[in-house]
Each structure stands twice: as structure tokens, then as C-alpha cells.
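Let me begin by presenting the structure, written as C-alpha cells, before commenting on it.
The values are calculated or read from the model by the stated rules, or taken from the named source; none is laboratory data. The structure displayed is predicted, hence computed values, not measured ones. Note: ideal-geometry Cβ built from the backbone for every residue, glycine included; neighbour counts use all protein chains shown.
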Amino acid sequence: MDFEKLNSLAAPLCGESMQAARAKWDSVAKPLGSLGRFEEIVTQIAGIFGTPDVRIDKKGVLVLCGDNGVLAQGVAMTPGEVTAIMAEFIADGRSSVCRMAETAGADVIAVDMGMFRRVNAEKLVDRRVSDGTNDFTNGPAMTTDQALQAINTGVELVKSHTEQGYKILATGEMGIGNTTTSSAIAAVLLSREPREVTGRGVGLSYEGLVRKTAVVEKAILVNSPDKNNAFDVLQKLGGFDIAGLTGIFIGGAVCRIPIIMDGFISSVSALLAVKLCPRVINYIIPSHLSAEPAGRMVLNAMELEPFITADMRLGEGTGAVCMFPLLDMALSVYHSACTYADIEKKTAPK
């Protein structure tokens, strides 16, 4: 996979469209800039689309599901089989993100990237790379080919959904143990000690956190990832879900569609994508600040600010989905609120 070529395919934001979007915002009858960052994000999307006529009527959430071999080291309170169970619930529209997405008018697409077992769910998209990754305390989590396949799957998912008319996509994941893989990646890319970036996940005890941190330390020691080579870090320490999400962020830039970043796992994937293809940063929309200890660190590394701070740590894309109604409200003002021209017509002498 030629990441330099992919980066070259990611066009810069359209300055003319962004200028027109700013002018449109300034015409709305309200104090200039008073919707703050929501004006900025709509302007960014105008630059992505290449038109100030910003419409995001068809929205989707791509939830990538995969298992991690490091679960053998006891890094999670939840057994690995829960990944497959939750993948089935997501595919059947019964999980937390599904209920939230329905309210926000978005479709949820569950994707099997490589779980320990197959799931018999009609709407689950099969993109399996393997039956879970390897235990990265014994060596690389993925082979080079597996990592490339997973990244390419993410890119292709964006292409196919763009062709289906989706205008914006949110990222989600389901994979027991993926805060461990994400912490390992964050430690390397951010040059931080594992204890600084490793959290309790869904509720580990103090003893469990100590064990999880030790596992991250061992994985880094065993694999010696090159912090200046994002692909090397991903292949050795990541998961199929993280690799696929990395591809989704790259695919967003290639296909000129905004990608909403969820929490810690999603943001680590975004950071990998930006390291591989720097222009990807223009196509990312941050959502919330993860409760994981490295959540803020990863955002700072990309110079991104969250819109929502709610101590969320559910995953599945639930934080990213919260951006949909906020964007819809901002766009309602952008397209249909009264303007200064309307006021002038009302106050003009008759």
C-alpha cells in the first residue's frame, strides 16, 4: 500500500467554498461568530465537499468488530466472547449505539474484522482478516499482509458507502481488550510511559490495572516498534479494528467525506492515519473527550479539541453519534435562519 500516493489523493480543503461558507454564516442575523466552533465545523465540511451548500442528509456509523490475542494475559474484566455477542446485537440494531443512531437519523453498519468466532447475523458485514490477532506479548499482533488488508478494508468501506450516498460517517468499534492495544500504540507514538496512558477500561481493579500496564510494557519491549514508523507500530501493537479504523480515516480523505472520530480507540486510529497520510487531518471531526487517561494526549497530538466532555467510555461509536444532532442543528441555522438582509427588508421605509 502506497501511503504517499494515498496522501496525494487527499485534496486540500477548498478555500473558495470555505470563504463562501463563512460569508453565509456572517449573513445570518446573529452576533458574528456566535455559534463558535459549530460555524467552523460547517465551514470545514464546506471545504471538504467543495461547496458551501453543505448537506449531510445520509449519515452512517461504521462499527468495526475484532478480537485481540492479548486477552490471554487477563487484561480485561469481560471475556472475549462478548465481542461476538455485542457484534450480533449491533448488527441486529439492539445495542447502545443503534438506539442513539436511530434517534439521530443515522444507519449503523457492523463489520466483522476478525473475531474469535463467526457470528450468524444477517446484517453483519464480513471482512474477516483472521480469527483475532496474535498475543502481542509474544510477537507482532499482525503480519504485514494482515495489517495492510485491514487498512485497505477501511478505505474500501468508505468508498462503498460514499457510492451509496452517505455524506458523513462516524467511527465505532467493538473489541474486548482494545484499550490495551490502543494504550500500547499511544505510549509509543506519544513517547509516554505505559503507566501514563493505560487506564482501567471498563472497570479494572487496581491489581488489574497494574497487570494491564505490565502487559503493555512487555509488548513494547518484545516488539521494539519504531515510533517514527506508524505502520510498524500498528502492525506490531494494533488490532484489526484499529487498522480498519485507520483505513476509514484515510478513506475519508481520499473520498472527500468527513469522518467523525469517536473516543480513545478511534482517536488512536486517527493519529495513526495522520502519521501515515498527513492530509487526513483536514477530514477529521472530533466528537468527545474520552475518560481514558490518554484521551486528551492523543487529541493534543493532532491539535484537535473535543466538542463534548461527558466522561464517556462506552465505545461502539456512541460519542461520535452525539455529533449528528449537533451538526443538524448548526446546519438548520446555517441554511434557514433569518438573515441581516431579512431584517433590512422589514425595517426599510415603505
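Structure notes:
- Going through (1) at positive phi; (2) modelled with pLDDT under 95 one by one, residue 93 falls short only on (2).
- If you go through region 72-105 and pick out every residue that is surrounded by fewer than 22 Cβ atoms within 10 Å (Cβ to Cβ) and not small (Gly, Ala, Ser), you end up with 14.
- Sole residue being at pLDDT 95 or above, surrounded by fewer than 18 Cβ atoms within 10 Å (Cβ to Cβ) and not hydroxyl-bearing (Ser, Thr, Tyr), chosen from 60, 66, 50: 50
- Where residue 152 falls short, out of the listed (1) within 26 Å of residue 232 (Cβ to Cβ); (2) touching a strand residue (DSSP E or B) at 6+ places or on another chain (Cβ under 9 Å): (2)
- Subset of region 206-226 (residues that are in a helix (DSSP H, G or I), in contact with a Lys or Arg (Cβ under 7 Å, 6 or more places away or on another chain) and buried (at least 21 other Cβ atoms within 10 Å of the Cβ)): 213, 223
- Residue check for residue 105: at positive phi and under 21 Å from the mean Cα position of the chain (by Cα): yes
- Candidates are the residues of region 295-324 that are small (Gly, Ala, Ser) and within 20 Å of residue 95 (Cα to Cα); the one that is surrounded by the most Cβ atoms within 10 Å (Cβ to Cβ) is 317.
- Any hit, region 239-261, residues being farther than 23 Å from residue 146 by Cβ and touching a Pro at 6+ places or on another chain (Cβ under 7 Å): yes
- Any hit, region 108-124, residues being among the polar types (S, T, N, Q) and crowded, with 24+ Cβ neighbours inside 10 Å: no
- Selection of first residues in region 124-145 that are in the same structural domain as residue 237 (by TED's automatic domain parsing) and touching a residue at least 24 places away in the same chain (Cβ under 8 Å) and of second residues that are in a loop (DSSP other than H, G, I, E, B) and of a type in the set (D, E, K, R), restricted to Cβ pairs under 6 Å at least 6 apart or on distinct chains, gives the following pairs, ordered by first then second residue: 132/67.
- Matching residues, region 203-224, being at pLDDT below 95 and not charged (D, E, K, R): 203, 204, 205, 206, 208, 209, 210
- Helices (runs of 4 or more DSSP H) enclosed by region 99-202 - at least 1 residues per element that are modelled with pLDDT under 95 and in contact with a Pro (Cβ under 8 Å, 6 or more places away or on another chain): none
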